[in-house]
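Worksheet for the structure shown next.
The values are calculated or read from the model by the stated rules, or taken from the named source; none is laboratory data. Everything numeric in this text was worked out from a predicted model, so none of it was measured. All Cβ positions, glycine included, derive from the backbone under ideal geometry; neighbour counts span all protein chains shown.
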Amino acid sequence: MTQRLQRKSVKHEIAALAAEIRQVRTRLSLTQGELAERLGISQQTVSDWEKGQRLRQVHVALRLARFLAL
């Protein structure tokens, strides 16, 4: 797979993860602030995640966990 296709694939996966974070949070009836408080992070971080920003590290960690079957 070329680097260009890999980047496109990663961007698509990050967008899907961002949407899933928002869907699960809203299904749990949590605000971004409430989720942030429970996780010990800022509300801005949750907002960034839901916009697909700052997720590259999370994306890599998820791929690693799947690979190691954790």
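Identification of helices (runs of 4 or more DSSP H) wholly contained in the range 7-70 with 1 or more residues that are exposed (fewer than 13 other Cβ atoms within 10 Å of the Cβ) and modelled with pLDDT under 90 yields 32-39, 56-67. Among residues of the range 11-28 that are free of Cβ contacts under 8 Å to residues at least 40 places away in the same chain, those with a Cβ under 6 angstrom from a residue that is of a type outside the set (A, V, I, L, M) and not in a loop (DSSP other than H, G, I, E, B), sequence gap 6+ or separate chain, pair up as Ala18/Glu50; Ile21/Trp49; Ile21/Glu50; Arg22/Glu50.
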